[in-house]
Amino acid sequence: LQKRHIIKPLDCVFCCENESIHHLFFDCIVAKNIWGTISSFLDRQIGDSFESIAKVWLSKKNNAAINLISSAIMWSLWKQRNSMISNNVVWISIIQVWRVILKTIRFCMVLSIEDCKTKIESLLNFGESLIRQPLSILSG
């Protein structure tokens, strides 16, 4: 953005910490929450870094569902961030990002192989139930 002379604060739109690409996708509290939820659902640690996602891409056929999900998460974080910067979308809660993720997964699901559609559909059901729950306030 700076190369294109677009002035934007250096703070993350989700958490107000210093933004970098790694922060947006992995270190931001919003990203960590999403990756943690997905890791629990998949019963597999994913989303620590670009490298952790790239390792899964190497065995593309065996991990087709995980690849689609991780791509949707990263695209959705990027898209929501850009909407907030460029279109003045107001940050309300992480549910906004979850909605974009679920919409992206639904859209991309037609491109997935049959073997992974069951896992993706179960994630979509899980995600829908997640966004219907009231937000909880955590202390600490």
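Please give the helices (runs of 4 or more DSSP H) falling wholly within region 35-133 in which 1 or more residues are under 17 Å from residue 25 (Cβ atoms) and without any contact (Cβ under 8 Å) to a residue 60 or more places away in the chain.
50-58, 64-86, 94-109
Sort through 46, 34, 29 and tell me the only one that's open to solvent by 100 Å² or more (accessible area, probe 1.4 Å) and either in contact with a helix residue (DSSP H, G or I) (Cβ under 6 Å, 6 or more places away or on another chain) or at pLDDT 90 or above (or both).
29
Look through region 12-26, keep the residues that are among the aliphatic types (A, V, I, L, M) and assigned to a helix (DSSP H, G or I), and return whichever of them is surrounded by the most Cβ atoms within 10 Å (Cβ to Cβ).
Step one: list which residues in region 12-26 are among the aliphatic types (A, V, I, L, M), which gives 13, 21, 24.
After this cut, where a residue has to be assigned to a helix (DSSP H, G or I) as well, the list is 21, 24.
Details: 21: 9, 24: 20.
The extreme case among them is 24.
From (1) farther than 18 Å from residue 14 by Cβ; (2) buried (at least 18 other Cβ atoms within 10 Å of the Cβ); (3) modelled with pLDDT of 90 or more, pick out the condition that doesn't hold for residue 107.
Of everything listed in (1) farther than 18 Å from residue 14 by Cβ; (2) buried (at least 18 other Cβ atoms within 10 Å of the Cβ); (3) modelled with pLDDT of 90 or more, residue 107 misses just condition (2).
The values are calculated or read from the model by the stated rules, or taken from the named source; none is laboratory data. All values derive from a computational prediction rather than experimental measurement. Here the Cβ is made from the backbone with ideal geometry for all residues, glycine too, and neighbour counts use every protein chain on show. Only protein heavy atoms, including side chains, enter the accessible area calculation; ligands, DNA and RNA are left aside. Shrake-Rupley method; radii C 1.70, N 1.55, O 1.52, S 1.80 Å.
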